[in-house]
């Protein structure tokens, strides 16, 4: 797996970020594998661990990006639930 395109992208990101003295927050920099809608189109269930420099990246099923919940099954259920929680919090305060 040493020569995969994803590994190359991770190395490129690390190289350029260190060139400009930028660090990547490993708690916010994550990996996600999107599930295809048809189970027959799944190519793998296990993927290699990716990293930036000496830090390994975590695989997640969902994460928040620019105020929206991104999920691995490409539905917006988590985003709607997150929005409802924000509205309830805002109304109560």
_22, 32 arranged by Cβ crowding within 10 Å, fewest neighbours leading_ = 22, 32
*Consider a paramagnetic label point 7 Å from the Cα of residue 14 along Cα→Cβ; state which residues of segment 48-69 have an amide N under 17 Å from it.*
48-59
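When a footprinting reagent is the concern and you count Cβ atoms within 10 Å, what order do 72, 45 take, fewest first? Don't skip to the answer; put the middle values down first.
Values: 72 14, 45 6.
Ordered from fewest to most neighbouring Cβ atoms within 10 Å, 72, 45 come out as 45, 72.
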*State, to one decimal in nm, how far the label point of residue 21 lies from the label point of residue 62, with both points 7 Å from Cα in the Cβ direction.*
3.9
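Laboratory data are not the source of any read-out in this text; all were calculated from the coordinates shown. Computed from a predicted model, the values in this text were never measured in an experiment. Reconstructed Cβ throughout: ideal geometry from the backbone, glycine too, with neighbour counts over all protein chains shown.
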